[in-house]
Amino acid sequence: MEGITARPESSHSDDAARLLAGAVAELNRRYPEFGATPYDPTEADQPGAAFVIARKADGEAVGCGALRPFREGVAEIKRMFVPEQYRRRGVSREIMVGLESAAEAAGYDWVVLETGVRQPEAIALYEKVGYDRIPNYGRYEGDDLSVCFAKKIKKDTRRELIL
C-alpha cells in the first residue's frame with residue numbers, strides 16, 4: 001500500500017482507542033482461553049515510550065504499535081495491530097520502522113517483543129525485518145503459547161542483551 005506513514009502520535013486519540021480495541025478483540029479471538037489485557041494509553045506518556053500510528057495518505061489510521069522501556073538500553077514492542085482489511089500491504093513493516101526509529105531516538109540499543117504461536121503472520125514479519133528468536137523472558141518464561149524476539153537496533157553497541 002503506497003503512501004503509508006507511521007510515526008509517534010498520542011495514544012489518547014480516538015484513532016488509538018479504536019485500533020487498541022481491535023487489538024484486544026483480535027487477541028481474544030485467537031486466544032479465547034485468556035482475557036487479553038487492554039493496553040494502558042498512559043504507558044506511552046512515560047519517558048522512553050512511544051505510540052506509533054500508521055496512516056494512509058488521506059489520514060485514515062490503519063495500524064498501531066507501542067514501545068515501552070523494558071531494561072536499561074532495551075525497549076519492548078507491544079500491541080502491534082493492523083485491521084484485517086489492511087494486512088499484507090506493508091503497513092506492519094512501516095509500523096516497525098516507526099517503532100525502531102523511536103527506539104533509536106530514545107537511545108535504546110535493543111528491542112524485544114513477544115507474540116503468540118497462533119499469530120504466524122506476526123512471527124513471519126518479525127523474522128523478515130531482522131528479529132531473532134530468543135528464550136522467552138519475564139512473564140513469558142515457560143509459556144508454550146509465547147514466542148519472543150530481539151533485534152539490535154544500535155549497531156555499534158557493545159551492550160549485551162540482558163533480560
Proximal lysines to LYS155, defined as alpha-carbon separation beneath 23 angstrom and excluding residues fewer than eight positions away on the same chain:
LYS78, LYS128
What is the order of PHE81, PHE70, PHE51, fewest Cβ neighbours within 10 Å to most?
PHE70, PHE81, PHE51
Relative contact order for the chain: what is it in percent, counting Cα pairs under 8 Å that are at least 6 residues apart?
20 percent
Per 5 angstrom bin, beginning at 0 and ending with the bin that holds the maximum distance, the Cα pairs of the range 38-89 fall in percents of 5, 18, 26, 20, 15, 11, 4, 1
Using a cut-off of under 12 Å, list every residue of the range 92-117 whose amide N is near the label point 7 Å from the Cα of ASP143 along the Cα-to-beta-carbon line.
113-117
Modelling each spin label as a point 7 Å along the Cα-to-Cβ direction, I'd like the GLU60/ASP132 distance in nm, to one decimal.
4.0 nm
Per 0.36 nm of contour for each residue apart, how much would the distance between THR157 and GLU84 grow if the chain were fully extended, relative to their Cα-Cα spacing?
22.6 nm
For the range 62-120, state which GluC sites (Glu not before Pro) are in a DSSP loop and have at most 13 other beta carbons lying within 10 Å of their beta carbon.
GLU72
For the chain, list log₁₀ I(q)/I(0) at each q in 0.11, 0.14, 0.15, 0.19 Å⁻¹, using the Debye formula over Cα point scatterers of equal strength and ignoring solvent, two decimals each.
-0.41, -0.68, -0.79, -1.32
Euclidean distance of C-alpha centroids, the range 1-48 and the range 113-158, integer Å
18 Å
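Throughout, read-outs are computed from the coordinates displayed, never taken from laboratory work. Here the structure is a predicted model, which is why all the values come from computation and not from measurement. So basically every Cβ, Gly included, is an ideal-geometry build from the backbone, and we count neighbours across all protein chains shown.
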